[in-house]
Amino acid sequence: MKFLPILLFCGLAAVAGDLKQLPGQAGNDDLDLNATVFTTPAEMRQALGGPDMQPGYLIVRVKVTPKSSAPLRLGPDDFTLISHKDGQRSSAQTAHQVAGGGAVLVLRPAAEQPHGDGTTVSGPVWGGVSVKKRPAPNSEGGAPQVKNSGTEDGPLVQLLTEKALPDKEYKEPGEGLLYFGLDGKLKPKDLSLIYQGAAGKLVIDFK
């Protein structure tokens, strides 16, 4: 019998350990959040389904699970991404902030696109880059097509909008992408996602 208190203590400690927040997750009585951060060009390209992300941006995929009976209003404005490495902080950016404002899309033939990851692209690649001079012809004699993406109908703006986390009242689980402007080579362990909205404040660590 003298060992019973010790066994009970060990059992309670194990339960407490199970309740520890896991990387990429946070929650309370009203909301559960699951998030994955993409920091490399290859990861972000995969998250978007093909095109390259603008330099100086990171992508976070967020899954929202409301737990209260009342609808929960939630949107990109509720999220901030911070870097513990250098103190950078960014609120979630809209598609127009990322790819609008006079950004240029360079649509290049697949033959010109060595991504360095062993993949082969079968169509044009979208890259949000600034063009200061006329693009040189490619090796097959054709020149890349240059299109202004600052308009409402720009293809990259449309894509980012379609994949973004919707700003709405959630009654059921939903998910989408968030876009943040952070510079430098950052790893998931350097980052934390902060939610502050109708469900209170939650902090997601990725390490």
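Of note:
- Strands (runs of 3 or more DSSP E) enclosed by segment 70-189 - at least 1 residues per element that are at pLDDT 95 or above: 72-74, 79-83, 89-91, 168-170, 174-181
- Number of residues in segment 150-207 that are closer than 16 Å to A47 by Cβ and acidic (D, E) equals 2.
- The set of residues in segment 1-40 that are at pLDDT 95 or above and not in a loop (DSSP other than H, G, I, E, B) comprises Q25, A26, G27, L31, D32, L33, N34, A35, T36, V37, F38.
- Looking only at segment 26-49, residues that are in contact with a His (Cβ under 9 Å, 6 or more places away or on another chain) and either among the β-branched types (V, I, T) or buried (at least 16 other Cβ atoms within 10 Å of the Cβ) (or both) come to 1 in all.
- Cβ separations smaller than 7 Å between residues 6+ apart or across chains give the following pairs from segment 157-170 residues that are of a type in the set (S, T, Y) to residues that are modelled with pLDDT of 95 or more and part of a strand (DSSP E or B): Y170/V64; Y170/P66; Y170/L72; Y170/L74.
The values are calculated or read from the model by the stated rules, or taken from the named source; none is laboratory data. Here the structure is a predicted model, which means the values were calculated and not measured. When we count neighbours, we look across all protein chains shown, and the Cβ atoms used for this are built from the backbone with ideal geometry, even at glycine.
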